[in-house]
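Right, I'll just put the structure down here and ask away after.
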Amino acid sequence: MLVNATNMLKAAEAGHYGIGAFNTNNLEWADAILTAAEETQSPVIIQCTSGAAKWQISYKVVADIVKQLIEDKNITVPVALHLDHGTYEDCFKCIEAGFSSVMYDGSHEETFDINMKKTEEVVKAAHAKGISVEAEVGGIGGVEDGVAGMGELADPKQCKAIADLGVDFLACGIGNIHGLYPDNWQGLSFDTLAAIKAEVGDLPLVLHGGTGIPVEQVAKAIENGVSKINVNTDLQVAFAKATRAYIESGADQEGKGYDPRKLLKPGRDAIVARTKELICQFGSDGKGWA
Ligand code: 13P
């Protein structure tokens, strides 16, 4: 069933487990994530960036794919469809297109005041339709931005100010980075996480850049207030590795091995397997309607 992400994340925060938010790119991706969630009886967040929505033509196509898959695959666990790192305009497009959750990423706005003002407007519009909202304080760097060693650390007072706008969950930098972590990465800052948590209370926090963070650090983050873990690159790597193995084995040149359904199957199966593994690692397996 398509739901917003508020209740599933509140339950995760209270129960000290995490819910995976996995990025989708196409039909196979969404199908694989839903299969993994159903097989592990876990609530799940499927999220989509504006770039991945463009690839799939529009936010409406993404929403229709996910909604129809939920129905036709008889998915029984709660599923939220979430906009990942949206601009102000993207949030309104997704609200119209049928997403059940949006992230307004105002961390790139010129000032914190602009981030506050736009977050407030998105919260108002989204909540009027029962849609949950994620906001962001501070930036989450990426290796591609030339950030090495340490991701940004959010200001706990700013986190509190944004939390007070009524957002449903909050992304805040605690040293995490998108993409693969550089060798000299210093790890998550649990002091920063504790300081933010002390300000925002039981508001669920979001850990971006879930790919490549050591398992023990993810577990410690969940124990200390992180409830949503974003994973994108990890599944891309799993898909690419399985597809590469299929082609390198020469299977695409045997019989009708070139059939796109055969060609894409190993990658799709790899996403199912890896998503199930991550769901169990985050502890949301069996928490379907917790
Ligand atoms: P990774 O690609 O590092 O897993 O990050 C995903 C993410 O944070 C999406 O918002």
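Per-residue answers, yes or no, for (1) within 24 Å of His82 (Cβ to Cβ); (2) surrounded by 24 or more Cβ atoms within 10 Å (Cβ to Cβ):
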| residue | (1), (2) |
| --- | --- |
| Ala154 | yes, yes |
| Val167 | yes, yes |
| Trp185 | no, no |
| Val218 | yes, no |
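Kindly provide the set of residues from the range 236-290 that are among the acidic types (Asp, Glu) and more than 27 Å from the chain's Cα centre (by Cα), ordered by number.
Glu248, Asp252, Glu254, Asp259
For the condition within 17 Å of Thr6 (Cα to Cα) and in contact with a strand residue (DSSP E or B) (Cβ under 8 Å, 6 or more places away or on another chain), what is the one hit in Ser42, Ser50, Ser107?
Answer to the selection: Ser42.
Which residues, counting only those in the range 169-180, are buried (at least 21 other Cβ atoms within 10 Å of the Cβ) and either away from the ligand (no atom under 12 Å from the Cβ) or not hydrophobic (A, V, I, L, M, F, W, C) (or both)?
Once the filter is applied, which keeps residues that are buried (at least 21 other Cβ atoms within 10 Å of the Cβ) and either away from the ligand (no atom under 12 Å from the Cβ) or not hydrophobic (A, V, I, L, M, F, W, C) (or both), the range 169-180 yields Phe169, Leu170, Cys172, Gly173, Ile174, Gly175, Asn176, His178.
Every residue in the range 264-290 that is buried (at least 16 other Cβ atoms within 10 Å of the Cβ) and over 30 Å from Ala221 (Cα atoms), please.
Within the range 264-290, Leu264, Pro266 meet the criteria.
I've got another one for you. If you take the residues of the range 234-251 that are over 23 Å from Val44 (Cα atoms) and surrounded by fewer than 17 Cβ atoms within 10 Å (Cβ to Cβ), which of them is nearest to the ligand (Cβ to nearest atom)?
Lys241
How do the pairs read when you match residues in the range 250-275 that are farther than 17 Å from Ala30 by Cβ with residues anywhere that are hydroxyl-bearing (Ser, Thr, Tyr) and not in a helix (DSSP H, G or I), using Cβ under 7 Å and keeping only pairs 6 or more apart or on different chains?
The qualifying pairs are Asp252/Tyr258.
Name the residues in the range 225-258 that are touching a helix residue (DSSP H, G or I) at 6+ places or on another chain (Cβ under 6 Å) and of a type in the set (S, T, N, Q), would you?
Across the range 225-258, the qualifying residues are Ser227, Thr243.
Return the residues of the range 247-290 that are touching a Leu at 6+ places or on another chain (Cβ under 9 Å) and either closer than 17 Å to Ile33 by Cβ or not in a helix (DSSP H, G or I) (or both); say none if nothing qualifies.
Across the range 247-290, the qualifying residues are Gly257, Ala270, Ile271, Arg274, Thr275, Leu278.
Quick test of your reading of the structure: Ser42 fulfils all but one of (1) within 15 Å of the ligand (Cβ to nearest atom); (2) within 26 Å of Val215 (Cβ to Cβ). Name the failing condition by number.
(1)
Would you mention how many residues in the range 213-233 are in contact with a strand residue (DSSP E or B) (Cβ under 9 Å, 6 or more places away or on another chain) and either without any contact (Cβ under 8 Å) to a residue 12 or more places away in the chain or near the ligand (Cβ under 8 Å from one of its atoms) (or both)?
Number of matching residues: 4.
Let me ask something else about it. From (1) in contact with a Phe, Trp or Tyr (Cβ under 7 Å, 6 or more places away or on another chain); (2) more than 18 Å from Gly212 (Cα to Cα), pick out the condition that doesn't hold for Ile271.
Among (1) in contact with a Phe, Trp or Tyr (Cβ under 7 Å, 6 or more places away or on another chain); (2) more than 18 Å from Gly212 (Cα to Cα), Ile271 violates only (2).
Next up: Out of all the residues in the range 199-209, which are in contact with a helix residue (DSSP H, G or I) (Cβ under 7 Å, 6 or more places away or on another chain), farther than 14 Å from Ala11 by Cα and either surrounded by 24 or more Cβ atoms within 10 Å (Cβ to Cβ) or small (Gly, Ala, Ser) (or both)?
Leu207
Grab the strands (runs of 3 or more DSSP E) fully contained in the range 30-131, keeping just those with 3 or more residues being touching a helix residue (DSSP H, G or I) at 6+ places or on another chain (Cβ under 7 Å) and modelled with pLDDT of 95 or more.
44-48, 79-86
The values are calculated or read from the model by the stated rules, or taken from the named source; none is laboratory data. In this text, all values refer to a predicted model and were calculated from it rather than measured experimentally. With ideal geometry, Cβ positions are generated from the backbone for all residues, glycine too; neighbour counts draw on all protein chains shown.
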